[in-house]
């Protein structure tokens with residue numbers, strides 16, 4: 001029996017899985033970065049020829065934060081200190097964002113491939129976070 005270890009797999013034609021998020025075998029010689037997705041999510045941060053950083057990202061990476069970025073950073077830091085968490089969960093981050101006053105009032109600019117339904121809310125809607133319900137009810141009582 002001949003040893004075919006050097007020729008094993010060389011006649012294979014690499015196949016590309018059309019499912020989103022599929023894995024490309026690096027041994028096939030294809031570079032996943034060269035494969036253009038048919039539905040970009042608007043979250044790509046890789047740069048290439050002709051793709052420059054936005055001023056928003058560039059200034060933050062250089063250490064010059066906007067008021068919005070600095071306030072978010074301070075709010076996350078305060079949350080971590082108050083709750084004794086070094087690594088907040090995504091739910092914790094969303095809670096901080098909502099307590100900062102952010103609400104979903106505009107249509108999404110992201111393409112999530114139909115995996116999540118887009119929605120909107122009123123700008124004055126409550127944050128509906130676990131700990132803010134008591135505070136908001138108290139604020140309403142004091143205002144009345």
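Between residue 85 and residue 109, what is the label-to-label distance in nm when each label sits 7 Å out along the Cα-to-Cβ direction?
Modelled inter-label distance: 2.7 nm.
When 74, 106 are ordered from fewest to most other Cβ atoms inside 10 Å of their Cβ, what list results?
Numbers: 74 11, 106 8.
By the 10 Å Cβ count, ascending: 106, 74.
Want the number for residue 62 to residue 27: 0.36 nm per residue separation, take away the alpha-carbon distance, what's left?
Additional length available on full extension: 8.9 nm.
Taking the number of other C-beta atoms within 10 Å as the exposure measure, put 103, 27 in order starting with the fewest.
Starting with the residue having the fewest Cβ neighbours, the order is 27, 103.
Only the coordinates and a few stated rules stand behind these numbers; no lab work does. The shown structure was predicted, so the numbers you read here are calculated from the model rather than taken from an experiment. Please note: Cβ atoms are built from the backbone with ideal geometry, for glycine as well, and neighbour counts cover all protein chains shown.
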